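Worksheet: one structure, shown below.
Please treat every number below as a calculation from the coordinates, not as lab data. Just so it is clear, the structure is predicted and the values come from calculations on it, not from any experiment. When we count neighbours, we look across all protein chains shown, and the Cβ atoms used for this are built from the backbone with ideal geometry, even at glycine.
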Amino acid sequence: MRTVRGDLLQLAIDGEFDVIVHGCNCMCAMGAGIARTIKARFPEAYDADLATTKGDRSKLGTISFAGIVRSEARFVIVNAYTQFDWRGASVQADYDAIGTAMRAIKHRFSGQRIGYPRIGAGLAGGDWTIIAMIIDRALDGETHTLVEYAP
């Protein structure tokens, strides 16, 4: 896992990534964190989320995605279903779902440049040390980058 500091979305627009991934809940909300920004700036990704069934627990570990075209920029945003809900004080991140979603991303987007934030470790309350190991294992052999937000 390579790590850089910056704005994941701007780096994608600037051509640094072919695919960007963010963690989603299964409630079709995209109401907080980077998901909220993605929903506002790239409604195509939200439309892909809305095309799934709201509240369907079987979405855990799956992905939806949308192709984004903005001027010269072309990339894909992946909604990775890594937590069931956002409500509650406990850890919402589902480690098994994170691994399964990342393996699906590797299968679908192998050979492409993949960027992501600290999926599951922010609002979802997961342990980044564990999540980073899961992502590294799932994306072994791929070009993938953690983007630590820095405006």
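What to note about this one:
- Ranked for footprinting exposure by Cβ neighbours inside 10 Å, fewest first, I130, I68 give I130, I68.
- Anisotropy class of the chain from Cα gyration tensor, a/c 1.5 cut: rounded
- Cβ crowding within 10 Å averaged over residues, with 46-57, 114-125 ranked highest first: 114-125, 46-57
- Farthest toward the positive end of the dipole of the range 2-149, out of V147, V21, T52, is the Cα of T52, where the dipole comes from beta carbon charges about the Cα centre.
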